[in-house]
1. Just want the ordering: Lys79, Lys27, Lys3, from fewest to most Cβ atoms lying within 10 Å of their own Cβ.
2. Based on other C-beta atoms within 10 Å, arrange Asp92, Asp30 from fewest to most.
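Rule-based calculations on the coordinates, nothing more; no lab input. Since this is a predicted model, take the numbers as computed values, not measurements. Note: ideal-geometry Cβ built from the backbone for every residue, glycine included; neighbour counts use all protein chains shown.
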Amino acid sequence: MIKLYPEKLLSIITNDSMQERLECMFKKYDISGFTILQATGEGSSGMESAMSGFDGNILVKVIVTESQLQILLESVERKLQKGYHLTVFVSDVEVITPEKFKNRSK
C-alpha cells in the first residue's frame, strides 16, 4: 500500500486582477507551487464570466503544510479587511510526495 501524507489544500476564488497579488504572497512566504485556473459560475454577486467584457474570476489552488496555511490565511484575512473579494476554502488532502510541498529554503 502506498503511504499518504496529510497536507492542506487552500482554494481561493477571486477576480483575476488579484492574480499578481496572490502570486507575490506565495513567493513572499516561499510557497513552491500553485495552480491558477479560469473560473466561471454563479454566486452571491450573480453570474461571473470573462466573456462579459469585465474581469473574469480565477480559482487558485495551493497545497501547503499546516504552518504555511496559517501564515497564508493571516495574509488573506488582511486582504479581506482591505475590501478585496476572495472566497476561501480549506480542505484536508493526502499526497504521496510530501517533499514537493515543503518550504524550498528548508
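1. Lowest to highest Cβ neighbour count: Lys3, Lys27, Lys79.
2. Ordered by Cβ neighbours within 10 Å, fewest first: Asp92, Asp30.
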